[in-house]
Amino acid sequence: MAGRGCRNPTRYKNQPHADAAGRGRTDPVRRTQKMDIGFIGLGNMGGPMAANLAAAGHSVTGFDLTAPAPAGVTMAPSAAEAAAGRDVVITMLPNGAILRAVAAEVIPAMKTGAVLCDCSTVDVDSARAVADLAADAGLGALDAPVSGGVGGASGGTLTFMVGGSADAFATVSPLFDIMGQKAVHCGDAGAGQSAKICNNMILGATMVATCEAFALADKLGLDRAKMFDVVSTSSGASWSINAYCPAPGVGPTSPADNDYTPGFAADLMLKDLRLSQQAAESVDADTPMGELAMRLYQTFVEDEDGRGRDFSAMLPRFSARGRG
Ligand code: NAD
């Protein structure tokens, strides 16, 4: 069981819990225990996540400024009313400023001992500030950003990277099991957001490197399928080429095969790269590749045709350019 003193804080969907002898077992009590959940922010990600919790039999009360009620979710007239008396309150919001404002409203309404679990991607400082506010009010708090996009939210196959106490992680773990396929307890408050932005800084940099290499290979007269065949099984391999190849018609099906319709939008990659550079500045970390990737995505989204396109559309961008 993923609680205090657990040996393996990484949980996979439907993975049996280990007993004292290390043998697998299921925990039917915890698996079937129904919770009273508040869910605030029911957009592209939060909507299907809340619907999955309701479909699993939990009582879900939602609030959003504009989004309609997901299937099975009862809407409340305010964030505070969605949060009052719930065992767990989940937020899925656009940014850290909005998270801080919502947290300031819902924390005083929550019952003692409940857990506030933020699944948005926000800056590490906001995650830690909200955790402090929650702790002062006698609540548990988790920062639990996700990987897997809208498809993962709908399919219940997200990966959660989680910061906060082991007790709070244990409380919310059955809900992570419903919304996702894997939850990693990364450490104390802010550790989930730290893991998320480090991962996405690698992703942004490797996607840029993969796209510029494809564009170079084109100009050298190398067939794209041969390029994929070699690189995907050589030392240039990465998730960006192996699982999400930016060249249409090559490798696995990806947004490139759908005219670069997201997928994972370049705008969201820019958001995450900005968060990584904000975090790097705050701790004096030298991240030149991340910074350059951020600048490239900024130009792509703000000055070129990248807004609303998949982040792998860097390939046609490089193809259309020379060195000048
Ligand atoms: P979205 O814009 O579709 O949804 C955000 C929702 O929050 C909207 O419905 C909005 O009305 C609501 N909202 C804003 N302010 C509010 C307030 N004060 N009170 C209540 N509701 C409020 O965004 P999304 O794509 O669902 O993304 C949500 C978060 O998940 C973001 O932090 C994003 O970075 C992260 N994320 C998104 C993806 C993705 O592929 N979309 C993938 C991973 C992580």
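A short reminder: the numbers here are calculations on the coordinates, not readings from a lab. Since the structure is predicted, the reported quantities are computational estimates derived from the model, not experimental observations. Don't worry about glycine lacking a Cβ; one is built from the backbone with ideal geometry, like all the others, and counts go over all protein chains shown.
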Could you pull out every one of the lysines with an alpha carbon less than 21 Å from that of K196, ignoring same-chain neighbours closer than 8 positions? K13, K182, K271
Based on Cα positions only, what radius of gyration and what Dmax would you give for the range 153-299, in angstroms? 17.6, 57
In deg cm²/dmol, rounded to 500, what helix-only [θ] at 222 nm does the chain give when every DSSP H run of at least 4 residues adds -39500 (n - 2.57) and the total is split over its residues? -13500 deg cm²/dmol
Looking at the chain, send over the antiparallel percent of its DSSP beta bridges, to the nearest 5. 30 percent
In percent, what relative contact order does the range 236-312 have, based on Cα pairs under 8 Å that are 6 or more apart in sequence? 35 percent
Restricted to Cα positions, what overall size does the range 39-159 have along the principal axes? Three whole-Å values, descending. 35, 27, 24
Simple spin-label estimate for A166/E81, 7 Å along Cα→Cβ, in nm, reads 4.1 nm
Per residue, the convex hull enclosing the Cα atoms of the chain spans a volume in Å³ of 150 Å³
TM-like helix rule applied to the chain (DSSP H, alpha carbon span at least 27 Å on the long axis, mean Kyte-Doolittle at least -1.0) gives 191-219
How high is the FRET efficiency from I178 to N242, r the C-beta distance, R0 22 Å, rounded to 0.05? 0.15
Length gained if V283 through R323 is fully extended, taking 0.36 nm per residue and subtracting the Cα-Cα distance, is 11.0 nm
Students often forget the sequence filter, so: which lysines lie under 21 Å Cα-Cα from K111 once same-chain residues fewer than 8 apart are removed? K34
Under the 0.36 nm per residue contour assumption, what length would be gained going from the current alpha-carbon distance of R295 and T74 to full extension? 75.3 nm
Distance (nanometres) between label positions extended 7 Å along Cα→Cβ at D125 and A104: 1.5 nm
